[in-house]
Amino acid sequence: MPVSLAVAKLMEEYNRFSSTTLNELFDKDEKRAEKYTIEFSDLMYDYSKNRFDDKVLDALFDLAEEHNLKARINDMFEGKKINVSENRAVLHTALRNFSGESVYVDGKDVMPDILRVQEKMKVFSDAVRSGEFRGATGKKLTNIVNIGIGGSDLGPYMVTTALRKYWADDIECYFISNIDGTACAEVLKRINPEETLFIVASKTFTTIETLTNARTCREWLVKALGEDAVKNHFVALSTNAKEVEKFGIDINNMFEFWDFVGGRYSLWSAIGLSIALAVGYDNFIELLKGAEAMDIHFRNAPLRENIPVIMALLGIWYNDYYNLHRYAVIPYNQYMKFLPSYLQQLDMESNGKSVRLDNKKITDYATGPVLFGGAGTDVQHSFFQLLHQGTAAVPVDFIIPAISQNETGKHHLILLANVLAQAEALMKGKTLEEVEAELRASGKNEEEIEKIKYNKVFEGNRPSNMFIIKKLTPFTLGMLIAMYEHKVYTQGVIWEIDSFDQWGVELGKQLALKILPELESDELKKHDGSTENLIKRIKQIRG
Ligand code: F6P
């Protein structure tokens, strides 16, 4: 976001507006909530509890226009190579394109391949679920173990957890990601090899964690059932057929995807096989249809009515003008408890960049914020203290279904009351006068009041978005995920960065490969003093 007319205008707006509080904005305009709420399908987005007025919004939309946002959105959907540093198109949207229209990359329509793999996923997931495809000893495959990491783990893990209510009764899903042997050990001790399907999910099929875990699981299976059993118990999801074969998985048991699908955008592709197995192919398609609905909205809605665009612009307003480089996502829903971890990769791996598309180093503005979160109400009892009384605000996204899938007694009403109360408390706060009056009314004397009163003040004016979905379904979940994907892209466009590469993960991988042989032998290469000392000490401790 280099200095430009819109940036200068926003700076002016910040100087004019920043001392205005949310309470003042609501006092001034009793229609504010209505005015800044968008209803789309089964989703309601209330962004009225954010720090802006019409003039700020105008300046933010000018910023979007200045970056040709509409055209840049089309570039993505049309398969232009917007992942510049890897020279790739970015077409996770084609995976959920049910329009019947072609999508081209380098003059080739990608839709026939996508539809072919979807058909293969349907046939396979139906066969496993019905028991037509069985394990080597004739048993039904009811334990699904996804072995993958990053985008090959977090998406399927988050979605299968979120859609737990839709799982077939006899299916259990497990996810092995960490290279820590504990991840494998704890899953393998729970499952019966005869009933287990291992899914090795890796876009590159070279990721050390995934391949090491997959080898361990393969050895375990072969030990129990023999080499011949591998073809009934192992499938691969990858773009790299050569490596899949090298690993020893038959190409017929591979579900492919393509370079135009980024790892953290891949749950809609073959990487979603564990989802289809858990909830059934039709529900997997519903998830994709929810995402498609959000794609159509993002592509066609005017910027001023466009949910991901508004979210992105408000995020930029906080990040670059208020200097709030953090952001919390709190689903008030137990099934969605892994959404923040999933979004962490989506947002931080996409926009945690400091080089622009024109190769210039970014020195004068901030890009992606730190994202964290957890499920409400649990997190009210952990980090919410900081949200309410920490020294600086943290913009929050609250997400809640209006109707629970488990309407038990008063649980859901209490949950709803809490999410509304938290957003209200963050915004309204509690003044010193209110605190003093409250303490007096409770019978405290002036000395006691003086001692405690400042600790009980809530500054307020802390912004939040509220997302209410009717119910958590595959469709609404698909919409929500796609909404965040598009928010991330919009911000990347405005920050002028490549949101689809991830070079920042490479250096650590390279160094780990250098250190590994040093841990295995007497060899010690040149490192910094601290690393050398740590290597020596670890070797001593391990004997
Ligand atoms: O280390 C980062 C990363 O490249 C992610 O972007 C990706 O989702 C993950 O590793 C896993 O990669 P793969 O699917 O190729 O095993």
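The values are calculated or read from the model by the stated rules, or taken from the named source; none is laboratory data. It should be emphasised that the depicted structure is a prediction, and the values quoted were computed from it without experimental measurement. Neighbour counts are summed over all protein chains in view; Cβ atoms, including those assigned to glycine, are modelled from backbone coordinates with ideal geometry. Accessible surface is based on the protein model in full, side chains and every heavy atom, while ligands, DNA and RNA are left aside. Shrake-Rupley method; radii C 1.70, N 1.55, O 1.52, S 1.80 Å.
Global size of region 210-363: 20.5, 62 Å for Rg and Dmax (C-alpha atoms, Rg to one decimal, Dmax whole). Karplus-based coupling profile of region 19-31, in residue order and whole Hz: 8, 6, 9, 4, 4, 4, 4, 6, 5, 6, 9, 6, 9, with θ = phi - 60° in 6.51 cos²θ - 1.76 cosθ + 1.60 and x standing for Gly or Pro.
Straightening the chain between T431 and A8 buys 148.8 nm, computed as 0.36 nm per residue apart minus the Cα-Cα spacing. When peptides 388-397, 477-486 are sorted by average Cβ neighbour count within 10 Å, with the highest value leading, the order is 477-486, 388-397. When the inverse distances between all different Cα atoms of region 308-436 are averaged and flipped, the Kirkwood radius reads 16.5 angstrom. Evaluate E = 1/(1 + (r/R0)^6) for Q389 and K120, where r is the Cβ-Cβ distance and R0 equals 56 Å; express this FRET efficiency to the nearest 0.05. Taking R0 as 56 Å, the efficiency between Q389 and K120 is 0.55.
Taking amide hydrogens as placed 1.01 Å from N in the peptide plane, the amide H of K430 sits under 5 Å from those of F458, E459, G460, each at least 5 positions away in sequence or on another chain.
Each label was represented as a point 7 Å from its Cα along the Cα-to-Cβ direction; for R16 and N178 these points are 5.2 nm apart. Look at the alpha carbon pairs under 8 Å that are at least 6 residues apart: their mean separation over the length of region 411-543 gives a relative contact order of 18 percent. The share of Cα pairs per 20 Å bin across the chain, counted from zero up to the longest distance, runs 20, 49, 27, 4, 0 percent.
Count the DSSP beta bridges whose two residues both fall in the chain, then state the antiparallel fraction as a percent rounded to the nearest 5. Before the final figure, lay out each step's value.
Working: 14 of 45 bridges.
Here the share of antiparallel DSSP bridges comes out near 30 percent.
Heavy atoms only, 1.4 Å probe, whole protein assembly: order W220, W258, W495, W503 by accessible area, highest first. Could the numbers behind the result be given before it?
Numbers: W220 65, W258 40, W495 0, W503 140 Å².
If we order W220, W258, W495, W503 from most to least accessible, we get W503, W220, W258, W495.
When the alpha-carbon atoms of region 342-381 are used, the pair Rg, Dmax equals 14.3, 45 angstrom.
Between region 451-509 and region 361-375, the C-alpha centres lie 10 angstrom from each other.
Considering only Cα-Cα distances, which of the following residue pairs are longer than 18 Å: K165/K470; K139/K231; K165/K337; K122/K337? Spell out each step's value before the answer.
Details: K165/K470 16 Å; K139/K231 14 Å; K165/K337 14 Å; K122/K337 28 Å.
Violating the 18 Å Cα-Cα cut-off are K122/K337.
Which value does Rg/Rh take for region 256-333 over its C-alpha atoms, Rh per Kirkwood? So for region 256-333, dividing Rg by the Kirkwood Rh gives 1.07. An ellipsoid equivalent to region 471-543, defined through the eigenvalues of its Cα gyration tensor, has semi-axes of 44, 18, 9 Å when rounded to whole angstrom and sorted largest first. Sorting 267-275, 139-147, 319-327 by average packing, meaning the other beta carbons within 10 Å per residue, from highest down gives 267-275, 139-147, 319-327.
For the pair D106 and K242, what calculated FRET efficiency results from E = 1/(1 + (r/R0)^6), where r is the Cβ-Cβ distance and R0 = 25 Å, to the nearest 0.05? Don't jump to the answer; show the numbers that get you there.
Values: r = 21 Å, r/R0 = 0.84.
Computed FRET efficiency for K242 and D106: 0.75.
Between E305 and E424, the contour length at 0.36 nm per residue exceeds the Cα-Cα span by 40.4 nm. Keeping all protein chains in place, calculate the accessible area per residue for the chain (probe 1.4 angstrom), answer in Å². On a per-residue basis, the chain sits at 45 Å².
Using C-alpha pairs below 8 Å separated by at least 6 residues, the relative contact order for region 198-273 is 31 percent. For V355, the residues whose amide H sits under 5 Å from its own are I362, ignoring neighbours fewer than 5 places away on the same chain, with H placed 1.01 Å from N. Reported to the nearest whole Å, the Cα centre-to-centre distance from region 98-175 to region 322-337 is 28. Projecting the Cα atoms of S18, Y36, N50 onto the dipole axis of region 7-72, where Lys and Arg carry +1 and Asp and Glu carry -1 at the beta carbon, places S18 farthest toward the positive end. Label separation (W503 vs K70): 3.4 nm, computed from points 7 Å beyond Cα along the C-beta direction. Diagonalising the gyration tensor over the Cα atoms of region 275-378 and scaling each eigenvalue by 5 before taking the square root yields semi-axes of 28, 19, 15 Å, largest first. Working ranking of peptides 464-470, 117-123, 357-363 by packing, defined as the average number of other Cβ atoms within 10 Å per residue, highest first, is 464-470, 117-123, 357-363. If one computes P(r) from the Cα atoms of region 189-289, what percent of pairs lie at distances over 24 Å? Tail fraction, whole percent: 23. Evaluated at q = 0.15, 0.22 Å⁻¹, the base-10 log of the normalised Debye intensity for region 365-480, with identical point scatterers placed on the Cα atoms, takes the values -0.82, -1.25.
As a ratio to 2.2 N^0.38 Å, the alpha-carbon radius of gyration computed for region 422-543 takes the value 2.02. Histogrammed with a bin width of 5 Å, the alpha carbon distances of region 93-206 distribute as 2, 9, 15, 19, 20, 15, 9, 5, 3, 1 percent, first bin at zero. Using equal-weight Cα scatterers in the Debye expression, the normalised intensity of region 1-145 in log10 at q = 0.20 Å⁻¹ is -1.18. The stretch between N533 and S130, if pulled fully straight at 0.36 nm per residue, gains 139.5 nm over its current Cα-Cα span.
Could you tell me what fraction of 2.2 N^0.38 Å the Cα radius of gyration of region 78-153 comes to, as a two-decimal ratio?
Numbers: Rg = 17.1 Å, N = 76, 2.2 N^0.38 = 11.4 Å.
Ratio of Cα Rg to 2.2 N^0.38 Å: 1.50.
Take every Cα pair under 8 Å whose residues are at least 6 apart in sequence, average their separation, divide by the length of the chain, and the relative contact order is 18 percent. Database remark: amide H of F234 closer than 5 angstrom to the amide H of F198 (H placed geometrically; neighbours at sequence offset of 5 or more, or on other chains; Pro and chain starts carry no H).
In this view, the solvent-accessible surface of H527, computed with a 1.4 Å probe and all protein chains in place, comes to about 30 Å².
Would you work out the charge dipole size for the chain about its Cα centre, treating the Cβ of every Lys and Arg as +1 and the Cβ of every Asp and Glu as -1, and quote it to the nearest 20 debye?
Working: 64 positive and 77 negative charges, 181 e Å.
That gives a dipole near 860 debye.
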